[in-house]
Structure formats: C-alpha cells, structure tokens
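Notes to accompany the following structure.
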Amino acid sequence: MPVVEKFPTSTSVIVGGWNNPTNAYAVDNAVTDSSTDFAEQEYSDFGFNLNATDNVEAVFLNVWASMAIEVWVPDTQESVLFSLRVYNGSIWYDFAVFNGDLQESSGTVGATGGYGNPSWKLSFDVSDYIDAVSQVNALKVRLLTAVLIGVSSFTVGVDAVSVEVASTTPTTTESEFPVGLGAGALLMGLVAVIAFSIKKRR
C-alpha cells in the first residue's frame, strides 16, 4: 500500500499572530512561531490528486513543533498549547497539542527562549474524519494557539505540517470483466456465425 506524504504550498491568515507562516512548508528548522492567544493560520494546496476510484486506507496529520515559556507552572503541563485543525470539506476537527507533548523538544523545562532542537514530531490518525478521495484532494489544516493559564508568556514554534495518505488503486482482472457484455456478446456472435455457416452449406 503506497503512502504519500505532502506539505502545504499555500497559507492564509484567519486570525493574525503567526510569524513567517510559510516556514511551515518544510522540515528545515525554520519555524513559524506565535505568542498570541487564539492566533489561527490556515494551510492548503497539499497537492494530492487521487483518482475517483482510489480507496483511501489511512490519513495521518503531522506537525513538528516545540515551545519556549517564561514561567512554568506544573499544573499547566496538560494545558492545550495549540490545536491542529483539519477540514474534511464540511467540518473542522481539532486535535490538541499539550504542553507535556513537547517537553522533550524544548530542552530544560522552564528555560527562557529557544525552540528546542530538534522539533518534536507528533502524528494524529485522522482516518475516521477524512476517508474519501474528495476530502483528501481538498483538505486544509489550521494552526490555532490556545491560552496558557499560569504561564506569564509563551512561544510555540512549528517547523512544518504535513499529511500522509495511504491509498490503493483497484486493479482490473480477467474475472472482473462484465460477462453479460463481454463473454456473452462474444458467445452470441459465435453462435450466429455457426448458424450462418450451416445455413449456407444447405
């Protein structure tokens, strides 16, 4: 089953606050960052072009992210740092990224400045929400920051977002040809030829 990973090639501002948003187009240690509550940035044009007859087997949403905070309060470890949103053509679904998810990528917890190296990759299985070819071909992703209670200031950095799709293409075998139109028509033709030959001989 082939798996194809693609990155966005277009972005647009929904609510301002993300800096250098095109930096999320590739994994290259150049980040888009935000220190603004409820900043929202949209990413699209992933370049999937599945055929209408393809079968979507699995879809994964990936983000490479890290963080820096000024004051760390232990109780906020499971607070939402930002959400990764995915659009299936009619509904937006949210997948929360928690502070605790990014601890390993941020160096010393509570350190001031820096995004951590390398960024921490998180993957979300969104197959239950995006399972049709039309949804894959037109999907969109958004980054949405949240409010951190107990933190004087924060910065979240996102190196890249991507989507991985596993799909299969139906194959046509000999047994799948429509018997009524193929073999049946051929058989009727042979019968007609034989009947004509017998009649001619008489």
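The values are calculated or read from the model by the stated rules, or taken from the named source; none is laboratory data. Please read all numbers here as calculations on a predicted model, not as lab measurements. Positions of Cβ are generated from backbone atoms using ideal geometry, with glycine treated the same way; all protein chains shown enter the neighbour counts.
Tabulated results
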quantity: Subset of segment 49-71 that is farther than 30 Å from residue 127 by Cα and buried (at least 19 other Cβ atoms within 10 Å of the Cβ) - its residue that is modelled with the highest pLDDT; calculated: 68
quantity: Members of segment 6-34 that are part of a loop (DSSP other than H, G, I, E, B) and surrounded by 14 or more Cβ atoms within 10 Å (Cβ to Cβ); calculated: 7, 8, 17, 18, 26, 27, 29, 30, 31
quantity: Number of positions in segment 35-66 that are among the charged types (D, E, K, R) and part of a strand (DSSP E or B); calculated: 3
quantity: Those residues of segment 115-149 which are more than 18 Å from residue 63 (Cα to Cα), surrounded by 13 or more Cβ atoms within 10 Å (Cβ to Cβ) and modelled with pLDDT under 65, in sequence order; calculated: 148
